[in-house]
Amino acid sequence: MKIYTDNLGGSAPLYHRYTGQTDPQPAYLEIDPGAGTVRADWNGEIGSAVPFGVYQGRILRVPVPCYAHGPSLARELESEPVRAMLERIIAGHSVEWDGSNNIGRLTKDAQAAVAELEEWLESVAQTEVWDAADWYSSGDPPPIEADTTDEQIMRMAAELDAEASPTSGECPAIIITGSAEYFLEVRNGLRQEAIDAQDEE
């Protein structure tokens with residue numbers, strides 16, 4: 001069994017929210033019993049669409065909080081209790097022809113292991129994620145003026161991301177998403193206000 005954790009660096013590596021969507025994409029632990037591989041990822045499809053292999057049970061997906069702290073999740077996946085659950089799942093998985101498709105099946109013990117694993121993953125340390133607009137709505141406004149340039153905005157956003165999203169340490173951090181987009185929106189709004197004020201004169 002090979003457990004891949006190379007994509008779990010950073011504070012919330014499984015967090016992704018598409019522009020225009022109010023909720024982040026669901027995340028999961030994908031178990032491929034046939035290949036003997038395990039990896040965590042976020043769902044790139046908006047809605048409930050899944051690959052045929054997942055729909056037919058040949059590949060298993062166990063929900064993981066999308067806010068999971070990357071290093072903490074990686075440690076859990078390599079821990080002895082989780083490895084034991086994964087081994088039970090893989091050992092209890094089979095593929096049977098149902099007359100139309102090859103369908104994945106799980107023994108009762110494997111089903112129990114999936115339930116145990118899902119409960120275990122829910123307890124993984126999580127990172128607090130804020131959208132920039134929500135973060136600044138509860139405190140001081142961002143230091144943006146009408147004449148702030150795009151270059152200055154990108155630099156400020158990068159500095160904020162670096163400060164709010166440490167990639168190491170035991171404690172999950174607070175990260176802020178959409179900083180650049182929000183700063184540009186604020187700046188453009190200030191510029192429009194200035195144009196409207198001139199038109200009224």
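The values are calculated or read from the model by the stated rules, or taken from the named source; none is laboratory data. Quick caveat, the model's predicted, so the values are computed rather than measured. Backbone-built Cβ (ideal geometry, glycine too); neighbour counts: all protein chains shown.
Run down Tyr18, Tyr67 and say which single residue is within 17 Å of the chain's Cα centre (by Cα), exposed (fewer than 12 other Cβ atoms within 10 Å of the Cβ) and modelled with pLDDT under 95.
On the way: Tyr67 fails: exposed (fewer than 12 other Cβ atoms within 10 Å of the Cβ).
None of the others qualify; the one that does is Tyr18.
How do the pairs read when you match residues in the stretch 1-15 that are on the phi > 0 side of the Ramachandran plot with residues anywhere that are buried (at least 21 other Cβ atoms within 10 Å of the Cβ), using Cβ under 6 Å and keeping only pairs 6 or more apart or on different chains?
Close Cβ pairs satisfying both conditions: Gly10/Gly70.
How many residues does the stretch 98-127 hold that are loosely packed, with under 14 Cβ neighbours inside 10 Å, in contact with a strand residue (DSSP E or B) (Cβ under 9 Å, 6 or more places away or on another chain) and closer than 20 Å to Ala74 by Cβ?
Here the count works out to 1.
May I ask you to list pairs of residues, at least six apart or on different chains, whose Cβ atoms are under 7 Å apart, with the first in the stretch 133-149 being in the same structural domain as Arg191 (by TED's automatic domain parsing) and the second being exposed (fewer than 14 other Cβ atoms within 10 Å of the Cβ) and among the aromatic types (Phe, Trp, Tyr)?
So the pair list comes out empty.
Read through the list (1) more than 23 Å from Tyr55 (Cβ to Cβ); (2) at pLDDT 95 or above; (3) over 21 Å from the mean Cα position of the chain (by Cα), then give the number of the only condition that Ser138 fails.
Condition not satisfied by Ser138: (2).
Could you tell me whether any residue of the stretch 131-151 is of a type in the set (A, V, I, L, M, F, W, C), surrounded by 14 or more Cβ atoms within 10 Å (Cβ to Cβ), touching a Gly at 6+ places or on another chain (Cβ under 8 Å) and in a helix (DSSP H, G or I)?
To start, the set of residues in the stretch 131-151 that are of a type in the set (A, V, I, L, M, F, W, C) comprises 132-133, 135, 144, 146.
Imposing the further condition that a residue be surrounded by 14 or more Cβ atoms within 10 Å (Cβ to Cβ) reduces the set to 132-133, 135, 144, 146.
Now drop any that are not touching a Gly at 6+ places or on another chain (Cβ under 8 Å), which leaves 132-133.
Going one step further and asking which of them are in a helix (DSSP H, G or I), we end up with 132-133.
Among the residues of the stretch 131-151, at least one is of a type in the set (A, V, I, L, M, F, W, C), surrounded by 14 or more Cβ atoms within 10 Å (Cβ to Cβ), touching a Gly at 6+ places or on another chain (Cβ under 8 Å) and in a helix (DSSP H, G or I), which makes the answer yes.
Please count how many residues of the stretch 44-64 are of a type in the set (S, T, N, Q) and surrounded by 18 or more Cβ atoms within 10 Å (Cβ to Cβ).
To start, the set of residues in the stretch 44-64 that are of a type in the set (S, T, N, Q) comprises 48, 56.
Filter again for surrounded by 18 or more Cβ atoms within 10 Å (Cβ to Cβ), leaving none.
Residues in the stretch 44-64 being of a type in the set (S, T, N, Q) and surrounded by 18 or more Cβ atoms within 10 Å (Cβ to Cβ): 0 in total.
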